[in-house]
Amino acid sequence: MTISKVLNQIDEDLPNSIDRLFELLKIKSISTDHAYKSECKKAADWLVSDLRTMGFDANRRDTSGHPMVVGHSKGTGPHVMFYGHYDVQPADPLELWDSPPFEPKLEETKKGKVIRARGAADDKGQLMTFVEACRAWKKIHGKLPVQVSMFFEGEEESGSPSLVPFMKANASELKSDIALICDTGLYGEETPAIVTMLRGLVKIEVQITGPSRDLHSGMYGGISINPIRILTKILSGLHDIDGHITLPKFYDGVHDLSNELKTQWENLNFDHSHFLNEVDLSVPAGEIEYSPLEMIWSRPTCDVNGISGGYQGEGFKTVLPSKASAKISFRLVGDQEPVKIIESLKTYIEKNLPEDCSVDYIEETPSKATHMSTTNVAFEKARQALSLEWPKEAAFVGCGGSIPIAGHFKEILDTDAMLIGFGKDDDQIHSPNEKYDLSSFHRGIRSWARILDQLARD
């Protein structure tokens with residue numbers, strides 16, 4: 001089966017592909033607001049119907065929350081599972097939109113045409129790039145070059161409460177050779193990227209209590225312990241002068257990059273000065289021996305995200321507070337164990353706690369880092385396919401944040417996931433006037449068609 005006719009079909013059918021995307025974008029599938037429950041169901045049904053027109057055995061699978069959509073197309077060769085989500089963020093504040101958020105339109109901008117609507121980039125436009133690639137293959141050859149399954153979620157923007165139970169209950173059906181996730185972006189404007197590592201996350205709130213009540217600083221200052229003083233001393237000791245995190249055994253499970261990956265990242269020519277200048281900063285503040293991209297993508301972090309204690313209203317109130325608290329988060333990499341990180345933090349705090357102070361903790365469920373093995377031949381095949389479509393060579397990259405679905409594929413289904421997306425930094429996802437470049441949509445479809453072609457090759 002040749003790819004050239006498929007690519008021509010994609011180009012010729014682009015107006016119809018846009019029309020189909022617009023139909024999906026008009027559906028107000030806001031998962032976090034119960035008032036839009038019927039709209040989420042409507043979006044799921046629309047996707048089922050569309051997949052069935054292409055010959056997929058597709059069904060809506062109801063859950064305690066919003067429905068899942070699962071579809072299968074039989075074929076030979078490797079089995080790929082494509083994941084996307086059809087739910088969207090609320091459009092508020094509506095007054096900041098230049099046009100109605102659920103009335104999609106093509107708009108000419110200084111950088112070219114864009115698709116303007118809520119969900120255009122996150123994630124309906126991205127989801128439909130893969131669907132349209134499969135449609136073109138089916139149209140030209142009557143079948144897909146590999147075995148393809150689709151898995152669409154309706155709760156990604158509201159915490160995915162039904163996702164893990166559904167995946168565990170349907171593990172045998174959802175198992176595949178490789179998972180494809182289209183919820184990421186390009187590196188810059190013209191460099192396609194495959195995310196191969198995602199940082200994990202630990203969140204914990206620490207509250208230190210000293211005296212039984214707030215005290216007058218004139219009467220008690222000097223003789224009584226101040227929890228803010230203790231807390232700030234503890235927090236300041238979490239890093240050394242060179243940006244290293246000081247907790248014992250914190251770096252257990254952290255691995256250095258391969259030389260090949262370091263070279264790819266160096267070739268991206270990341271301009272950290274421009275990156276920092278956009279937020280009025282200038283100097284990288286992480287571990288000094290690592291490059292700025294490594295600091296963002298492949299190194300662990302420890303950050304204080306919030307701190308409180310004492311009087312914080314207007315003016316001055318001279319009190320010694322009874323309590324002081326801080327919200328601390330860790331981004332984890334490699335094989336770092338979240339539970340051990342929490343234990344190390346608690347041991348450090350309690351070791352530095354004076355006799356008259358006590359400590360309490362509020363923890364949230366932690367998540368481990370996810371890293372995919374690029375020795376899987378599918379990764380290099382996809383990288384080559386993307387490089388054929390875009391002006392610049394594709395790269396394996398990291399992601400500073402967390403995308404839980406990739407970890408779920410690995411942990412529940414023992415399946416590596418390739419995260420490939422065509423969004424851009426200025427797409428304004430989750431914000432008013434969200435957009436998706438028409439070139440991203442068009443080239444995204446062509447990219448997936450090329451990837452399917454490459455995955456079918458020996």
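Only the coordinates and a few stated rules stand behind these numbers; no lab work does. Keep in mind that this is a model prediction, so the values were computed, not measured. Neighbour counts run over all protein chains shown; Cβ positions are idealised from the backbone, glycine included.
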Original post:
Under 18 Å Cα-Cα from LYS175, which lysines qualify once same-chain neighbours fewer than 8 residues away are excluded?
Top reply: LYS74, LYS410
Original post:
If you take the beta carbon distance between TYR311 and ASP356 as r and set R0 to 25 Å, what does 1/(1 + (r/R0)^6) give as a FRET efficiency, to the nearest 0.05?
Top reply: 0.75
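So in the range 56-176, what percent of DSSP beta bridges are antiparallel if you round to the nearest 5? Spell out each step's value before the answer.
Numbers: 15 of 22 bridges.
Of the beta bridges lying entirely in the range 56-176, close to 70 percent run antiparallel.
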Subject >> Calculated P(r) of the range 1-119 - Cα pairs past 26 Å, % >> reply: 33
Original post:
Looking at SER298, ILE429, VAL359, which one has the Cα that reaches farthest to the positive end of the dipole of the chain (charges on Cβ: Lys, Arg +1; Asp, Glu -1)?
Top reply: ILE429
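Kindly give Rg over Rh for the range 58-202, based on alpha-carbon atoms, with the Kirkwood expression for the hydrodynamic radius.
Working: Rg = 17.2 Å, Rh = 17.4 Å.
Rg/Rh for the range 58-202 comes to 0.99.
Which longest uninterrupted range of the chain lacks any GluC sites (Glu not before Pro) assigned by DSSP to a loop state (not H, G, I, E or B) and surrounded by at most 15 other Cβ atoms within 10 Å? It would help to have the intermediate numbers written out before the result.
Details: sites that count: GLU189, GLU190, GLU278, GLU289, GLU314, GLU355, GLU364, GLU393.
Excluding the exposed sites themselves, the longest stretch runs over 1-188.
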Original post:
What percent does the relative contact order of the range 236-393 come to when contacts are Cα pairs within less than 8 Å and at least six residues apart?
Top reply: 22
**OP:** In debye, nearest 20, what is the charge dipole magnitude of the range 335-378 about its Cα centre with +1 on Lys and Arg Cβ and -1 on Asp and Glu Cβ, if you could check?
**Re:** 320
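Is there a quick way to get the dipole size of the chain? I mean about its Cα centre, with the Cβ of Lys and Arg at +1 and of Asp and Glu at -1; what is the value in debye to the nearest 20? Don't skip to the end; give the middle numbers.
Details: 50 positive and 68 negative charges, 200 e Å.
Dipole size: approximately 960 debye.
Using the alpha carbon gyration tensor of the range 322-454, what are the three equivalent-ellipsoid semi-axes (square root of 5 times each eigenvalue), largest first, in whole Å? Can you show the working numbers first?
On the way: eigenvalues 343, 79, 26 Å².
In descending order, the three semi-axes are 41, 20, 11 Å.
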Original post:
Looking at the chain, which longest stretch skips every one of the chymotrypsin sites (Phe, Trp or Tyr not before Pro) that is in a DSSP loop with at most 13 other Cβ atoms within 10 Å, leaving the sites themselves out?
Top reply: 1-310
**OP:** Calculate, in nm to one decimal, what ALA35 and SER49 gain on full extension: separation in residues at 0.36 nm each, minus their alpha carbon distance.
**Re:** 2.7 nm
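Scaled to the compact-protein estimate 2.2 N^0.38 Å, what is the alpha-carbon radius of gyration of the range 170-291, rounded to two decimal places?
Here the Cα radius of gyration is 1.67 times the empirical estimate.
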Subject >> Estimated distance in nm for a label pair at SER212 and LYS392, the labels positioned 7 Å out from Cα along Cα-to-Cβ >> reply: 6.4
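As an exercise, take the mean of 1/r over every pair of distinct alpha carbons in the range 402-450, invert it, and state the Kirkwood radius in angstroms. Show your work: numbers first, answer last.
On the way: mean 1/r = 0.0775 Å⁻¹.
Kirkwood hydrodynamic radius for the range 402-450: 12.9 Å.
Kirkwood hydrodynamic radius of the range 261-314 from all distinct Cα pairs, in Å? Provide the component values of the computation, followed by the final result.
Details: mean 1/r = 0.0730 Å⁻¹.
Radius from the Kirkwood sum: 13.7 Å.
How big is the Rg/Rh ratio for the chain, C-alpha atoms only, Rh by Kirkwood, two decimals? Intermediate results must be reported in sequence, preceding the final value.
Working: Rg = 24.8 Å, Rh = 24.2 Å.
Checking Rg against Rh, the ratio lands at 1.03.
Take the cross-link list LYS323/LYS424; LYS37/LYS105; LYS5/LYS113; LYS5/LYS28; LYS41/LYS139 and give me the ones stretching past 32 Å between alpha-carbons. Before the final figure, lay out each step's value.
Values: LYS323/LYS424 44 Å; LYS37/LYS105 25 Å; LYS5/LYS113 25 Å; LYS5/LYS28 35 Å; LYS41/LYS139 28 Å.
Violating the 32 Å limit, Cα to Cα: LYS323/LYS424; LYS5/LYS28.
What helices does the chain hold that run 18 Å or longer along their axis, going by alpha-carbon atoms, with a Kyte-Doolittle average of 1.0 or more, using DSSP H for the helix calls? Before the final figure, lay out the partial values.
Working: long enough: 37-53 (25 Å, -0.71); 124-141 (25 Å, -0.28); 338-351 (20 Å, -0.11); 377-389 (19 Å, 0.02); 438-455 (26 Å, -0.13).
Answer set is empty.
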**OP:** Go ahead and collect, in residue order, the members of the range 1-19 whose backbone nitrogen is under 14 Å from a label point 7 Å along the Cα-Cβ direction of LYS143.
**Re:** 1-2
Original post:
Where both residues lie in the chain, what percent of DSSP beta bridges are antiparallel, nearest 5?
Top reply: 70
**OP:** Note the full-extension length gain between THR63 and ASP240 as 0.36 nm times their separation in residues minus their Cα-Cα distance, in nm to one decimal.
**Re:** 58.9 nm
Original post:
Cα centroids of the range 100-168 and the range 1-69: how far apart, whole angstrom?
Top reply: 7
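Given +1 on the Cβ of Lys and Arg, -1 on the Cβ of Asp and Glu, and no further charges, what dipole in debye does the range 98-152 carry about its Cα centre, rounded to the nearest 20?
Numbers: 11 positive and 7 negative charges, 56 e Å.
So the magnitude is around 260 debye.
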Original post:
Label point 7 Å out from ASP414 along Cα-to-Cβ: which residues of the range 152-186 have amide N under 19 Å?
Top reply: 167-180
Original post:
Once the convex hull of the C-alpha atoms of the range 59-117 is built, how many Å³ does it hold per residue, rounded to a whole number?
Top reply: 163
**OP:** Could you state the orientation-averaged shadow area of the convex hull built on the Cα atoms of the range 244-336, in nm² to one decimal?
**Re:** 9.1
Original post:
Going toward the positive end of the dipole of the range 136-294, with +1 on Lys and Arg Cβ and -1 on Asp and Glu Cβ, which of LEU257, ILE223, ILE241 do you reach last?
Top reply: ILE223
